Amino acid sequence: MITDTTTEEMYEKLSRLLADTVPDFELRLKSELAAEINRLKLEKNAVILGHNYMEPALFHSIPDFVGDSLELSRKAAETDKDIIVFCGVKFMAETAKILNPGKKVLIPSLKAGCSLAASITAEDVRELKRRFPGVPVVTYINTYADVKAESDICCTSSNAVKVVESLKTDKVIFIPDEYLAGNVARETGKQIIFPTREPRMRFPNELDYQMIGWPGRCEVHEKFSVEDIQNVRKQFPDVVILAHPECSPEVVAASDYSGSTTAMIRYVEQTNAPRYLLLTECSMGDNVAAANPDKEMLRLCSVRCPHMNQITLEDTLESLQKEQFEIFIEEDIRKRALRSVQRMLEIGRED
Ligand code: 13P
Ligand code: SF4
């Protein structure tokens, strides 16, 4: 059972960080849940990995490690615990399972999907490979295992440019995020084409291109516009704007900095601007504000990822109690996906 001291300690910690933003009765309830999750975690020899987008009370209470996709993949690869509970979305839990076939990997909600992962199938990748034979496939980590299995190498938002440059080939297929691909193309000076939008006859000879993209988008980051940035800058001329590379190339170009979720957090921690605006899932702004009370964070709080939002303390407790929902991947797919993930892990971050 929950011991009062543990719950009390948790309540004190969460109050210190969140008293200005979360009502007290909710902090008490969440402290109890978090204390019980942490007790069960020890009892079951489990590790909890939490993505930077988790809601503030969860983010600051139960994960053993928090981070971006690349950091959490690395932690998943290193753990010696029996159970991995992934407080993130399904493709992240799948990556943990790809790296740890012998461990039980749990996700607290089956509804935690991702619009990018849903935008492409393994058959789509096979068709691209038929149309562009011999061109290596770089696949964003925000995809399911069967898509990773068709790929040569994965990347995350923290190493996409480095991964593309590591291939040293004339052309790469880069899937499925059209905006991340556009941002990589911009940074590396490559010309990108989107074959599903172009008449088939124009390929592969008629255009000079080095990247082949796919029209997937993050339903959160596609919402930000250059007009949003202009409006904010008009009201707060001294604001520093950070954009995730899943935002459009125009939005990234109009911002002051672009990087993975962890790269953005570090940027805020290591600089001293009068105020910041993060163009990304809005819980992260709350998490950064709680950990850095001396920094002023502007909010665009209508922008919440409905998938990350599925992961709650209540569901995480139930996940540990019932050991649900377990991730399973067919062994042949897992082994082929592992090659792409491992190749990526051998390449460091670029930020
Ligand atoms: P990061 O790898 O930057 O944490 O991004 C993951 C994600 O899903 C962003 O929407
Ligand atoms: Fe997917 Fe976008 Fe949500 Fe990230 S924020 S999990 S890319 S839908």
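Against the test of being under 22 Å from Arg16 (Cβ atoms), touching a residue at least 24 places away in the same chain (Cβ under 8 Å) and either aliphatic (A, V, I, L, M) or within 16 Å of ligand 2 (Cβ to nearest atom) (or both), the options Asn287, Asn309 yield a single qualifying residue, Asn287. If the condition is being more than 19 Å from Lys223 (Cβ to Cβ) and either assigned to a strand (DSSP E or B) or under 19 Å from the mean Cα position of the chain (by Cα) (or both), then the range 261-277 contributes Thr262, Ala263, Ile265, Arg266, Tyr267, Val268, Arg275.
Within the range 60-67, identify whether any single residue is more than 25 Å from Ser119 (Cα to Cα) and aliphatic (A, V, I, L, M), and answer yes or no. Yes - at least one qualifying residue is present in the range 60-67. Scanning the range 83-107 for residues that are within 16 Å of ligand 1 (Cβ to nearest atom) and of a type in the set (Gly, Ala, Ser) yields Gly88, Ala93, Ala96.
Yes/no per residue for (1) among the hydrophobic types (A, V, I, L, M, F, W, C); (2) farther than 24 Å from Lys162 by Cβ; (3) touching a Ser or Thr at 6+ places or on another chain (Cβ under 9 Å):
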| position | (1), (2), (3) |
| --- | --- |
| Ile229 | yes, yes, yes |
| Arg233 | no, yes, no |
| Phe236 | yes, yes, no |
| Leu242 | yes, no, yes |
| Ser248 | no, no, yes |
| Thr262 | no, no, yes |
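Scanning the range 54-107 for residues that are open to solvent by 10 Å² or more (accessible area, probe 1.4 Å), part of a loop (DSSP other than H, G, I, E, B) and acidic (Asp, Glu) yields a total of 4. Inspection of the range 110-122 identifies no residue that is more than 20 Å from Arg336 (Cβ to Cβ), away from ligand 2 (no atom under 16 Å from the Cβ) and within 15 Å of the chain's Cα centre (by Cα). Residues in the range 108-136 that are crowded, with 21+ Cβ neighbours inside 10 Å, in a loop (DSSP other than H, G, I, E, B) and within 13 Å of ligand 1 (Cβ to nearest atom): Ala112, Cys114, Leu116.
Within the range 261-280, being buried (at least 20 other Cβ atoms within 10 Å of the Cβ) and either away from ligand 1 (no atom under 16 Å from the Cβ) or modelled with pLDDT under 95 (or both) holds for Tyr276, Leu277. The single condition among (1) away from ligand 2 (no atom under 16 Å from the Cβ); (2) closer than 30 Å to Leu317 by Cβ; (3) among the polar types (S, T, N, Q) that Thr169 does not satisfy is (2). Residues in the range 172-195 that are touching a residue at least 40 places away in the same chain (Cβ under 8 Å), closer than 16 Å to Val252 by Cβ and in a loop (DSSP other than H, G, I, E, B): 0 in all. The condition (being more than 27 Å from Ile120 (Cα to Cα), open to solvent by less than 20 Å² (accessible area, probe 1.4 Å), more than 12 Å from ligand 1 (Cβ to nearest atom) and not polar (S, T, N, Q)) is satisfied by just one residue among Ile311, Ile241: Ile241. Residues in the range 208-229 that are surrounded by fewer than 21 Cβ atoms within 10 Å (Cβ to Cβ) and within 16 Å of ligand 1 (Cβ to nearest atom) were compared, and the one that is nearest to Glu123 (Cα to Cα) is Arg217.
Considering Thr139, Thr143, Thr169, the condition of being among the hydroxyl-bearing types (Ser, Thr, Tyr), outside any strand (DSSP E or B) and touching a helix residue (DSSP H, G or I) at 6+ places or on another chain (Cβ under 7 Å) is satisfied by Thr143 alone.
For the range 244-260, filtering for residues that are outside any loop (DSSP other than H, G, I, E, B), buried (at least 20 other Cβ atoms within 10 Å of the Cβ) and not polar (S, T, N, Q) leaves 4. Which condition breaks for Lys322 when tested against (1) closer than 26 Å to Val232 by Cα; (2) of a type in the set (Lys, Arg); (3) open to solvent by 60 Å² or more (accessible area, probe 1.4 Å)? With (1) closer than 26 Å to Val232 by Cα; (2) of a type in the set (Lys, Arg); (3) open to solvent by 60 Å² or more (accessible area, probe 1.4 Å) applied to Lys322, the lone miss is (1). With the structure loaded, tell me whether Leu33 is outside any strand (DSSP E or B) and crowded, with 16+ Cβ neighbours inside 10 Å or whether it fails that test. Criteria met by Leu33.
Arg186: more than 16 Å from ligand 2 (Cβ to nearest atom), under 17 Å from Tyr257 (Cα atoms) and either modelled with pLDDT under 95 or within 22 Å of the chain's Cα centre (by Cα) (or both), yes or no? Criteria met by Arg186. Annotation note: Cβ proximity below 9 Å between a residue of the range 216-231 that is more than 16 Å from Met308 (Cβ to Cβ) and a residue that is within 12 Å of ligand 1 (Cβ to nearest atom) and at pLDDT below 95 (sequence gap 6+ or interchain) occurs for Phe224/Val303.
The values are calculated or read from the model by the stated rules, or taken from the named source; none is laboratory data. All of these numbers come straight from a predicted model, not from anything done at the bench. FYI the Cβ positions are ideal-geometry reconstructions off the backbone, even for glycines, and counts take in every protein chain you see. Accessible surface areas use protein heavy atoms only, side chains included; no ligands, DNA or RNA. Shrake-Rupley method; radii C 1.70, N 1.55, O 1.52, S 1.80 Å.
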